[in-house]
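The values are calculated or read from the model by the stated rules, or taken from the named source; none is laboratory data. Keep in mind that what you see is a predicted model, and the values were worked out from it rather than measured. Don't worry about glycine lacking a Cβ; one is built from the backbone with ideal geometry, like all the others, and counts go over all protein chains shown.
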Amino acid sequence: MAVYGVNASPLIDETASTPLVGQAYPDSKIHAEAVVRRLAAAGLDTVIVRPASTYGPRGAAWTVAPVEQIKSGRLRLLAGGRGLVNLGYIDNVVQGTLQALTAAAAAGQTYNLCDGQAIPFHEFYGYYARMMGISRLPSVPAWAGRLAISPPGRWARRLLGRQAAGRWSLHYLQNSSRFAITKAQRELGYAPTIDVAEGMRRTEAWLRQTGVI
């Protein structure tokens, strides 16, 4: 969903514009989609899927990484973690991807794939924290986020060997948008069945089985 950049619309569907925002991660997604569209114009059957923040067993960015950050005390919520994260449990996202690859109607189309649920970051990370017996996560004020993307803040992060933050990073953590999956439901029969409570139950079982927690 990074292709939507800093779009702040309450509900975002596949017709929303995807302008470059000057930050490597979202811009790389936009450029990749442009390549796919050129291939489609040349006659290749293509489909673009836009998965949400995908978590679950064997997940890195949205499962193992936050657990490790919480364990080490490095994770900080921004402004209390009130921003919304649009989640996609791995099984739901795989289901939608397979449907997009096999449905004749999907050729040349673009689909948002997520659970249809958006929850605050403090609730999402809170699931992981409670798995480890942690009742409260530390938070930094909104101004700290603005400072991080200012020229001095970006310079300081580079000096410390950290990836420089950008406008999109701040927007992502303060997101108030939900991503529509109506098109995938209508055209693919997409029907995510695993909600966040069940997804986190399965994720916790895997984390304990593998010794991550």
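Things worth noting here:
- Considering the stretch 104-116, the residues that are touching a residue at least 12 places away in the same chain (Cβ under 8 Å) and out of contact with any helix residue (DSSP H, G or I) (no Cβ under 6 Å at 6 or more places or on another chain) include one that is surrounded by the fewest Cβ atoms within 10 Å (Cβ to Cβ), namely ALA107.
- Residue check, TYR55 more than 28 Å from ALA104 (Cβ to Cβ) and in contact with a Ser or Thr (Cβ under 8 Å, 6 or more places away or on another chain): yes
- Some residue of the stretch 28-42 being in contact with a strand residue (DSSP E or B) (Cβ under 9 Å, 6 or more places away or on another chain) and not in a helix (DSSP H, G or I): no
- Within the stretch 148-174, the residues that satisfy the criterion of being hydrophobic (A, V, I, L, M, F, W, C), under 19 Å from LEU20 (Cα atoms) and at pLDDT 70 or above are ILE149, TRP168, LEU170, LEU173.
- Meeting the requirement of 1 or more residues that are within 21 Å of LEU207 (Cβ to Cβ) and hydroxyl-bearing (Ser, Thr, Tyr), the helices (runs of 4 or more DSSP H) wholly within the stretch 43-143 are 65-72, 121-131.
- GLU68 being of a type in the set (D, E, K, R), under 30 Å from VAL140 (Cα atoms) and surrounded by 12 or more Cβ atoms within 10 Å (Cβ to Cβ): yes
- Selected residue [on the phi < 0 side of the Ramachandran plot, modelled with pLDDT under 95 and polar (S, T, N, Q)] from ASN86, ASN7, ASN92: ASN7
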